[in-house]
Structures are given as C-alpha cells and as structure tokens.
Amino acid sequence: MRVTPSNLNLRGTTLIYSRIAGTGSYLPEKVVTNADLEKLVDTSDEWIASRTGIRERRMAAEGETTGDLAFYAATHALEAAGTKASELDLIVLGTTTPDIIFPSTACLLQHRLGANGCAAFDVNAACSGFMYALGIADQFIRTGQVKKALVVGAETLTRMIDWSDRSTCVLFGDGAGAVVLEASAEPGILTTKLHADGAYKHLLYNPVGVSAGFRDEPNHGVRVIMGGSEVFKVAVRTLDRIVGETLEAAGMQEKDVDWLIPHQANLRIIEATAKRLGLSMDRVIVTIDRHGNTSSGSVPLALDEAVRSGKVKRGQTLLLEAFGGGLTWSSALLKY
Ligand code: ACO
C-alpha cells in the first residue's frame, strides 16, 4: 500500500513543540575571587582574566550539595512558569557532580519538590549536561508522552578540584539553572543537536570512580585533568560546525539569531562562536566573569539571568550551545 498522509492518519494532526514556560537559577553565596586564588597557587588576576575572562566564581558552602542548588533553581523556574511540581511528568537533570552515587540527584530533587511518581533521571555529559537534558526532554514532549518537564543543570564542580593545580582550579565554579518545558502548538524549541566523540576522552576527565576504583591520594584521587589548549581548539572547531548544522536543520540563517547563550568556559571561545555567527558581543549573554565555568549549570544560569534582566524577550530567537568532557558538544535553537 502506498503511504499517504491520510492512511498514516496524519491529516489534521498538529505538530507538538516544547516551549520554555519559565526559567530559574541559583548561585551559592560564597564568592571566590581571583585574588583569593593568588593565595593558593602561583597565578594572577591578570593571567586568569586575560586568558579566560573569569574574575570570580561561587563556591557551595560545606554540606551544600548539587541537589540543594538544583532545588532552589527548580523552585524559581516552577514559580516563573506558574507550574506546580505535582503537574510535572518528567525531570531530567544534567550533572557530573551528583550528591551521591545513587539514587540519582533527579530522584532526590523530585521527592523534595513533591513531584513523586513522574519519571526522573540524571544525564552525565559533563558541561553539555543541561543541553543533553534539554534535547531529551524535548523529544519526550514532541512524541506526546510528556506535557510538562523540568530540565535542570546543576553542579558543585569545586568539590572535584585539585586546589594545588593552577591549570584547572581557577576555571570552575558552582551553580544551577532550570527551565520548565511545556507542550505547545507553537515553537518553542526548533531543533536540538547532540554529539559526542569518546576518542577525545583523554583531553578532559576525572580519573577515578566506583568501577575503576579510588586512590590513596588527597580527595581519593578525585580531580579534573585537562589538556586545556587541546580542548580549546576542539571546542572552537566543533562549535563552529554545530552552529551551522543547527541553523541549517531549522532552515534559518545567522542573521535570524537574536541572542547567543553559550556555555561559559572561556571568553575567547565565546568570542570565536559569536564571530562565526556574525554577532556583536552585545548580542551574547556573558556570565563567565562572575560565575566561572559552572559546567551543566552554565547555560541555564546565563539564560535565566538574561530573561530576568529583561534582555531576552518573548518571541526572540535564541541559540544555546555547550561542550564538555567526553568530549560532548550540543546546541538548541528556540523561540523564547
Ligand atoms: N596562572 C598562571 N599561569 C598559568 C595558569 C594559571 N592559572 N595556568 C596555566 N598557566 C601557564 C602554563 O603553565 C603555561 O606556562 P608555560 O608557557 O611556561 O608552559 C602558560 O600558562 C600557558 O598555558 P596554556 O595551557 O597554553 O594556556 P592557554 O592560553 O591555553 O589557557 C586555558 C589555558 C584557560 C585552560 C584554556 O586553554 C582553556 O580555556 N581551555 C578550554 C577549557 C575548557 O573549555 N574546558 C571544557 C569544559 S570543562 C568540563 O567539561 C568539565
């Protein structure tokens, strides 16, 4: 039989999109400045600011967990969306620093919010964690399985830092961001792109774990190991590619983008992506100077800040992108 829209039962079907109904974020209170780090390692405010764009970052208090940060960010996003936790059908949480090995931080968050019963799971894609979570939740909504989803990126990266390693300890901070997605007849998210290449696993990793074992070293050997300049080059190259791929998938051009909301890892990487898009830096959301690299927290934190400051307005087109350990790289093009 020949397949036609009518015998596939597609006639009159409306496409389902997911749209962002509300955003939220949370930063721990403690500020760690570059001057504070000058007392720990052989570095300078001048080196950190000029090479990365970072001036300060936040650090979770003793006992404050990724789940705590996620809870505050999620609460703000639910308030902004006017959504009750009990209405959620799905929680996807991007993190590489879960509270405990299991249950997932998403399950801990679900219980604390009072959203018991809905699906809840974590995604580990390092700094792409939130973007992967967003892409997954978007698919659930598009297929009609889910009407309302909470998507979170939350991290306490400072917990896995070797504070004697100047090449990594100056880069990271703690924070969380969240969005509530809901099914809509209008876009919404136009497209998401998710990629990974494990051949680059050696460029950015944490060498220990449950199965590989822990070590008789400070912090049980938990630390970030990074080939900074190699990661830098791959990041610029992959982001350049994914930006073109994302626009093409949505049938849009560089000039259609109102705001670039990038992963905040290095100001020079952000500037390279903006240049690729032909966007001036006043159309790019930059938080790295105050947040450092908050991994999965970075994009939703920047988005929430841009929404609450009034920069990003309803109806505008946003390009979100991230890259991180894996290596992973990811993007989303959406109408806010
Ligand atoms: N203070 C002073 N000097 C430093 C510091 C520091 N904090 N860190 C490194 N240096 C020195 C190095 O020892 C080196 O000295 P040498 O020339 O005498 O050997 C010199 O500075 C240059 O080092 P590079 O590593 O070549 O510096 P670069 O300009 O590449 O900047 C940086 C380093 C900031 C790490 C950059 O490469 C970068 O941002 N890379 C990308 C990082 C990233 O995005 N990570 C991905 C996300 S993280 C995640 O997924 C968890």
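Could you tell me whether any residue of region 322-329 is away from the ligand (no atom under 11 Å from the Cβ) and not in a strand (DSSP E or B)? Checked region 322-329: no residue is away from the ligand (no atom under 11 Å from the Cβ) and not in a strand (DSSP E or B).
Restricting to region 181-204, name every residue that is in a loop (DSSP other than H, G, I, E, B) and open to solvent by 40 Å² or more (accessible area, probe 1.4 Å). Correct list: Ala185, Glu186, Pro187, Asp197. Going by what's in this entry, would Val284 be described as among the β-branched types (Val, Ile, Thr), at negative phi and more than 15 Å from the chain's Cα centre (by Cα)? Taking the combined requirement at face value, the residue satisfies it.
Please go through region 278-336 and give me each residue that is open to solvent by 50 Å² or more (accessible area, probe 1.4 Å), out of contact with any Ser or Thr (no Cβ under 8 Å at 6 or more places or on another chain) and under 21 Å from Glu248 (Cβ atoms), ordered by number. Within region 278-336, Gly278, Arg283 qualify.
Let's see how each residue does on (1) surrounded by 12 or more Cβ atoms within 10 Å (Cβ to Cβ); (2) at pLDDT below 95; (3) in the same structural domain as Gly135 (by TED's automatic domain parsing):
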{"position": "Thr13", "(1), (2), (3)": "no, yes, yes"}
{"position": "Gly22", "(1), (2), (3)": "yes, no, yes"}
{"position": "Glu29", "(1), (2), (3)": "no, no, yes"}
{"position": "Asp36", "(1), (2), (3)": "yes, no, yes"}
{"position": "Val41", "(1), (2), (3)": "yes, no, yes"}
{"position": "Ser50", "(1), (2), (3)": "no, no, yes"}
{"position": "Gly53", "(1), (2), (3)": "yes, no, yes"}
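Considering region 248-303, and only residues there that are more than 15 Å from the ligand (Cβ to nearest atom), touching a residue at least 40 places away in the same chain (Cβ under 8 Å) and not in a helix (DSSP H, G or I), the residue that is nearest to Phe172 (Cα to Cα) turns out to be Ile261. With respect to being open to solvent by 20 Å² or more (accessible area, probe 1.4 Å), touching a Gly at 6+ places or on another chain (Cβ under 8 Å) and not assigned by TED's automatic domain parsing to the domain that holds Leu277, Ala154 falls outside the description.
The strands (runs of 3 or more DSSP E) located wholly in region 28-137 that include 3 or more residues which are out of contact with any Cys (no Cβ under 9 Å at 6 or more places or on another chain) and without any contact (Cβ under 8 Å) to a residue 40 or more places away in the chain occupy 30-33. Being closer than 20 Å to Ile54 by Cβ and outside the structural domain of Trp47 (by TED's automatic domain parsing), is that true of even one residue in region 251-260? Checked against the condition, which is being closer than 20 Å to Ile54 by Cβ and outside the structural domain of Trp47 (by TED's automatic domain parsing), region 251-260 yields at least one hit. Scanning region 109-137 for residues that are of a type outside the set (A, V, I, L, M), more than 16 Å from the ligand (Cβ to nearest atom) and crowded, with 24+ Cβ neighbours inside 10 Å yields a single hit, Gln110. One residue stands out among those in region 205-239 that are within 24 Å of Phe102 (Cβ to Cβ) and part of a strand (DSSP E or B): the one that is most open to solvent (accessible area, probe 1.4 Å), which is Tyr205. Just checking, does region 98-108 include any residue being within 16 Å of the ligand (Cβ to nearest atom), buried (at least 19 other Cβ atoms within 10 Å of the Cβ) and outside the structural domain of Ser298 (by TED's automatic domain parsing)? So far as region 98-108 goes, yes, one or more of its residues are within 16 Å of the ligand (Cβ to nearest atom), buried (at least 19 other Cβ atoms within 10 Å of the Cβ) and outside the structural domain of Ser298 (by TED's automatic domain parsing).
The values are calculated or read from the model by the stated rules, or taken from the named source; none is laboratory data. Everything numeric in this text was worked out from a predicted model, so none of it was measured. Note that we place each Cβ from the backbone using ideal geometry, even for glycine, and neighbour counts take in every protein chain shown. The protein model used for the area step is the full one, side chains on, heavy atoms only, and it has no ligands, DNA or RNA in it. Shrake-Rupley method; radii C 1.70, N 1.55, O 1.52, S 1.80 Å.
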